[in-house]
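**Student:** Just dropping this structure here.
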Amino acid sequence: MNHIGLKVKLVLAVFVVMLILLQYALWGGKQNVIDLYRLNRQVVDVRNENHEFQSRNDQLHEDVIDIKSRLGAIESLARFDLGLIKPGETYYQIVRSEPDQNH
């Protein structure tokens, strides 16, 4: 009976050591749970950034199609973005006054 009790204690000790080693590998070893959480967070951030870039690219693509299909689009973009005017036109700039900050 004493011999069987010793074997049980030895097997139990091996299992406890294995459990400790596995827990160390899971939480503190290379490629642990904390690294997995960090990588998942980075994946989410990159996906969000890619979504923003995709939206921007879609808008730019729409602008290119608009410019290629309408000649007036080029003129309106030049007027709006660059402030260009045609010969013989008079340019008026409306400056809004800022609200009085003392009141």
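**Student:** Given Gln23, Gln54, Gln59, Gln42, which one is in a helix (DSSP H, G or I) and either aromatic (Phe, Trp, Tyr) or more than 23 Å from the chain's Cα centre (by Cα) (or both)?
**Tutor:** Values: Gln54 fails: either aromatic (Phe, Trp, Tyr) or more than 23 Å from the chain's Cα centre (by Cα) (or both); Gln59 fails: either aromatic (Phe, Trp, Tyr) or more than 23 Å from the chain's Cα centre (by Cα) (or both); Gln42 fails: either aromatic (Phe, Trp, Tyr) or more than 23 Å from the chain's Cα centre (by Cα) (or both).
Result: Gln23 is the single residue among Gln23, Gln54, Gln59, Gln42 that is in a helix (DSSP H, G or I) and either aromatic (Phe, Trp, Tyr) or more than 23 Å from the chain's Cα centre (by Cα) (or both).
**Student:** Which residues, taken from region 66-85, are at pLDDT below 80, part of a loop (DSSP other than H, G, I, E, B) and charged (D, E, K, R)?
**Tutor:** Answer for region 66-85, where residues must be at pLDDT below 80, part of a loop (DSSP other than H, G, I, E, B) and charged (D, E, K, R): there is none.
**Student:** Another question, if that's okay. Filter region 74-99 down to residues that are over 23 Å from Val64 (Cα atoms) and among the β-branched types (Val, Ile, Thr) and give me whichever is farthest from the chain's Cα centre (by Cα).
**Tutor:** Among those that are over 23 Å from Val64 (Cα atoms) and among the β-branched types (Val, Ile, Thr), it is Thr90.
The values are calculated or read from the model by the stated rules, or taken from the named source; none is laboratory data. Bear in mind the structure is a predicted one, so any value in this text is a computation, not a measurement.
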